[in-house]
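Right, one structure below, let's go through it.
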């Protein structure tokens, strides 16, 4: 199981909570604004080093306190592990098995997780950056050297943009590195989507009842090499002071029933399509890692009718991952096995 025990201190409205989790299903229920989403956010922070709600550190620290502390006891096969996070206005401190790694990537390696929250539809209806992050999460877990290549590419892009703003002086070395690393990024993302395509299309069809297709867009025209596209875009780049073509402009085109999904499907359908993408990525990555992942569901019933919710949860239950879900009610998600059930009220957690 990914996580056996979780503890949070001074995170949002949570003064001090600790609970043990079951290896399959766990449910946290309570009224709106009771603290259940904050609890899920704290668990996610332990695996990502950031808030999935985009909140700054200052809003995550409980009022009147100077820092928050999170801790998780993990189980990977026969090996026990631990992850800890401490954050304050002075910065983030990460601990994995007692060591202090240099980046939050170690958290994602120790506790790989995915989230379905009420804003998950943005994966379909939002901008390309959402879908690039989605592909990069898959590539991070299945491509061994993706992260260092990604970091080097971001540096090359930053330096090339700085040279453009300076009129283009000294840009040639950054052009060469941008092209080399950009092609690596493109290859890794294509491979990640190709690995998932069958799974994604099957899940999308099962959830929506119509054919779904996923097409990769590299960020430059397929009729040109990246180097040629960069050369052709030179005048526009100089005028804008930033690089207009490349992997940082990549996207996934989503086609549902021969329509472009983000424009023509309803909000509920967008949520189901986005959920199928999250579940497909989860399935592929946990198969690659040969261990179950942690799946967080924040109010999965929101904006879904009873039939759609049942289809979603049936796919969730078929994954075999550890689930922590939140709900207004303790009995509306129909878990196949009895979940560990917790009630939260005014930031205080109790086991039901």
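Any read-out appearing in this document is the output of simple, stated calculations on the displayed coordinates, not a laboratory observation. From a predicted model like this one, the values you see are computed outputs, not experimental measurements. Reconstructed Cβ throughout: ideal geometry from the backbone, glycine too, with neighbour counts over all protein chains shown.
How much length, in nm to one decimal, is gained on full extension between residue 75 and residue 95, taken as 0.36 nm per residue of separation minus their Cα-Cα distance? Numbers along the way, then the final one.
On the way: separation 20, 0.36 × 20 = 7.20 nm, distance 1.59 nm.
Full extension from residue 75 to residue 95 adds 5.6 nm.
Just how far, in whole angstrom, is the stretch 44-119 from the stretch 230-309 if you go by their alpha carbon centroids?
24 Å
Along the Cα→Cβ direction, 7 angstrom out, place labels at residue 253 and residue 231. What is the inter-label distance in nm?
2.6 nm
Computed over the Cα atoms of the stretch 120-291, what is the convex hull's projected area averaged over all directions, in nm²? Walk me through the numbers before you get to the answer.
Working: hull surface 41.5 nm².
Approximately 10.4 nm², given one-decimal rounding.
Place a point 7 Å from the Cα of residue 180 along the Cα-to-Cβ direction; which residues of the stretch 215-235 have their backbone N under 17 Å from it?
Backbone N within reach: 226-228.
Label residue 267 and residue 223 with points 7 Å out from Cα along Cα→Cβ: what is the distance between them in nm?
4.1 nm
Only one of the listed values, (i) 133; (ii) 148; (iii) 159, was derived from the coordinates as volume of the Cα convex hull per residue in Å³; which label is it?
Here volume of the Cα convex hull per residue in Å³ agrees with entry (ii).
Of the peptides 309-316, 181-188, how do they stack up when ordered by the mean number of other Cβ atoms within 10 Å, highest first?
By packing density, highest mean first, the sequence is 181-188, 309-316.
Can you pull the one-decimal nm distance between simple spin-label points at residue 82 and residue 215, each 7 Å off the Cα toward Cβ?
Result: 5.2 nm between the two label points.
What is the Cα centroid distance between the stretch 184-209 and the stretch 166-182, reported in whole angstrom?
If we compute the Cα centre of each part, the gap is 32 Å.
When the chain is treated as a GNM, springs tying every alpha-carbon pair under 10 Å, which of 320, 168, 91 comes out with the largest mean-square fluctuation?
Of 320, 168, 91, the Gaussian network model singles out 91 as fluctuating most.
For the chain, set up a GNM with springs between Cα atoms under 10 Å and report which of 158, 36, 50 has the largest fluctuation.
158
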